[in-house]
Amino acid sequence: MKRNIKALFITHAAIIAAIYVVLTYFASILGLSNGAIQVRFSEALTILPFFTPAAIPGLFIGCIISNIISGAVIWDIVFGSLATLIGAAGTYLLRKKTKWLAPVPPILANTVIVPFVLVYAYGVPDGLPFLMMTVGIGEVISCGVLGMTLLKCLEKYRNHIFGS
């Protein structure tokens, strides 16, 4: 039985990572996944730790792969992915409080961390307060609006998709 649970955990994490990569690539094609205002459709997946802890490594690995294939610099690969990891872990920790808190940790983590990456790794000259605002707006759209829409859609099927 434990073997099946472990296999299911790894499978869920791998599927989430793969979906994250595909959604980031799609947003990249549309020019939405990089820059001051980032609307990564994949960030909507950061609500998945509300349903399963497998989403935490899945999102982290998906973000690493996405950043690598999109040509991000090493600091973005490291700290951008850590922001996603922190956000995912925060969502998991808050899952029993209320579903409305699910998008808050990834919004906060990315709003604080990503602007530093943009300034210090890419030399974006707009200044930290402005970038925190623009990245925050993108995260509210991605995690808050799209993520909560996804959460609402998955809620009904949570036991079928993620187990009980």
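Evaluated against (1) under 15 Å from Glu139 (Cα atoms); (2) in contact (Cβ under 8 Å) with a residue 60 or more places away in the chain; (3) surrounded by fewer than 23 Cβ atoms within 10 Å (Cβ to Cβ), Leu85 falls short on exactly one condition, (2). For region 70-81, a tally of residues being more than 10 Å from Val117 (Cβ to Cβ) and under 16 Å from the mean Cα position of the chain (by Cα) returns 2.
In the condition set (1) crowded, with 21+ Cβ neighbours inside 10 Å; (2) modelled with pLDDT under 90, Ile47 is compliant with all but (2). Being touching a residue at least 40 places away in the same chain (Cβ under 8 Å), in contact with a Phe, Trp or Tyr (Cβ under 9 Å, 6 or more places away or on another chain) and under 19 Å from Pro103 (Cα atoms) is a condition met by no residue of region 64-77.
Got at least one residue in region 95-117 being farther than 20 Å from Val39 by Cβ, without any contact (Cβ under 8 Å) to a residue 40 or more places away in the chain and not basic (Lys, Arg)? Scanning region 95-117, I find at least one residue that is farther than 20 Å from Val39 by Cβ, without any contact (Cβ under 8 Å) to a residue 40 or more places away in the chain and not basic (Lys, Arg), so the answer is yes. Residue check: is Val114 assigned to a helix (DSSP H, G or I), crowded, with 16+ Cβ neighbours inside 10 Å, touching a Gly at 6+ places or on another chain (Cβ under 7 Å) and β-branched (Val, Ile, Thr)? It is true that Val114 is assigned to a helix (DSSP H, G or I), crowded, with 16+ Cβ neighbours inside 10 Å, touching a Gly at 6+ places or on another chain (Cβ under 7 Å) and β-branched (Val, Ile, Thr). The set of residues in region 44-57 being in a helix (DSSP H, G or I), of a type in the set (A, V, I, L, M, F, W, C) and in contact with a Phe, Trp or Tyr (Cβ under 9 Å, 6 or more places away or on another chain) consists of Leu45, Leu48, Phe50, Ala55, Ile56. Within region 123-136, the set of residues being closer than 23 Å to Ala88 by Cα and surrounded by fewer than 17 Cβ atoms within 10 Å (Cβ to Cβ) comprises just one member, Met133. When Phe26, Phe60 are checked against the criterion of being of a type in the set (Phe, Trp, Tyr), outside any loop (DSSP other than H, G, I, E, B) and within 12 Å of the chain's Cα centre (by Cα), Phe60 stands alone in meeting it. Could you check how many residues of region 56-66 are of a type in the set (A, V, I, L, M), crowded, with 24+ Cβ neighbours inside 10 Å and either farther than 13 Å from Pro106 by Cα or at pLDDT below 95 (or both)? Count: 0. The residue list Trp100, Trp75 contains one member that is surrounded by fewer than 17 Cβ atoms within 10 Å (Cβ to Cβ), out of contact with any Asp or Glu (no Cβ under 8 Å at 6 or more places or on another chain) and under 19 Å from Gly144 (Cα atoms), which is Trp100. Residue-level check: of (1) part of a loop (DSSP other than H, G, I, E, B); (2) within 29 Å of Pro125 (Cα to Cα), Lys96 misses just (2). So for region 81-93 (the condition being modelled with pLDDT under 95 and in a helix (DSSP H, G or I)), does at least one residue qualify? Checking region 81-93: not a single residue is modelled with pLDDT under 95 and in a helix (DSSP H, G or I).
The values are calculated or read from the model by the stated rules, or taken from the named source; none is laboratory data. Everything quoted here is computed from the prediction, not taken from an experiment. Please note: Cβ atoms are built from the backbone with ideal geometry, for glycine as well, and neighbour counts cover all protein chains shown.
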